[in-house]
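*Asks:* My questions will all concern the structure given below.
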Amino acid sequence: MTPRVGSRRVGMWAALPAIAACAMGCTTPHMAVPPDIGGATEEVPVVGRSQASGLFVNEDFKIGPFEVANVSRGAKHSSRFGAFWGFKSSEESGYSYDFKRGDLSLHGECVLDVSASGADLGSLTIGNEHRRFACACGDEKAPVAGVVMTASTLSKYGGKLKAHDSTYDLQAIYDREGAASDGNPAGYRVDAEGVQGAVDVLGPGRVWLAKTLEGDRRTDVACVFAGLLLFKPTMKH
């Protein structure tokens, strides 16, 4: 019995320096912010975003003056748009939220479609998982903004973001500050003629919007960013 107690004590004392070092120096990982984002954009605070997710978690939060409310997933989720951009949304899959500012109210709805394929090379089979993700924001009738992006085992998330009559390129950012990448996006950037915005989905979250992005387009991009902040790539939505 004595050797076991002694070895346990040694193990505990050996771990203390690492615990102390982490307490002094460990930080929450963040997306590595590309240099060109800072000068062309302004940071909009994200407040109250929960790190947890699920049926019984209050996931409401704020992006600057906008409220992200009534977040629901799984069995609680009900579809308003039905099918959009070739995706089928239902009460069993996806998630939804409301995006509000004063009298303005948009409904957000997101869905992830996963499929698998493989190549048989004799004694070796190479699998490839395909993911297609869409988020739409709209009024009572139809979406007015949204994003469609795809990824696979061999390619990173990327796609197009639509905001009323404008279309932007959206690309995932995988580089992190404070930790190595786990293979999931740390955030996303939106570009047209120059950067239009970015969102860090790690930790409490961060959002940047272009200083020139105004009116409906600013609201649209912020609403889609809310959907991306709620997106958990490793979860079954």
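Every number in this text was worked out from the coordinates using simple rules, so none of it is lab data. Since this is a predicted model, take the numbers as computed values, not measurements. Every residue, glycine among them, receives a Cβ derived from its backbone with ideal geometry; neighbour counts consider all protein chains shown.
*Asks:* Ranking PHE225, PHE56 by Cβ neighbours within 10 Å, fewest first, what do you get?
*Replies:* Values: PHE225 30, PHE56 6.
With the fewest neighbours first, PHE225, PHE56 line up as PHE56, PHE225.
*Asks:* Suppose the chain between GLU214 and PHE56 were pulled fully straight at 0.36 nm per residue; how much longer would it get relative to their current alpha carbon spacing?
*Replies:* Once the chain is fully extended between GLU214 and PHE56, it gains 53.3 nm.
*Asks:* What order, most packed first, do the peptides 103-109, 135-141 have when packing is the mean number of other Cβ atoms within 10 Å of each residue?
*Replies:* The packing order, highest mean first, is 135-141, 103-109.
*Asks:* Give me the distance in nm between label points sitting 7 Å out from Cα along the Cα-to-Cβ direction at THR167 and GLU140, one decimal.
*Replies:* Calculated label separation equals 3.1 nm.
*Asks:* Run the numbers for GLU43 and LEU104: contour at 0.36 nm per residue of separation, minus the present Cα-Cα distance, in nm.
*Replies:* Extra length available between GLU43 and LEU104 comes to 19.8 nm.
*Asks:* Also, quick follow-up: Taking a 23 Å limit on the Cα-Cα distance, which of the listed pairs LYS160/LYS211; LYS100/LYS141; LYS100/LYS156; LYS100/LYS211; LYS141/LYS211 fall beyond it?
*Replies:* Violating the 23 Å limit, Cα to Cα: LYS100/LYS156; LYS141/LYS211.
*Asks:* Once both labels are modelled 7 Å past Cα along the beta-carbon direction, what's the ASN128-ASP113 spacing in nm?
*Replies:* Result: 1.7 nm between the two label points.
*Asks:* Using 1/(1 + (r/R0)^6) with R0 = 30 angstrom and r between the beta carbons of LYS156 and ALA179, what's the FRET efficiency to the nearest 0.05?
*Replies:* 0.95
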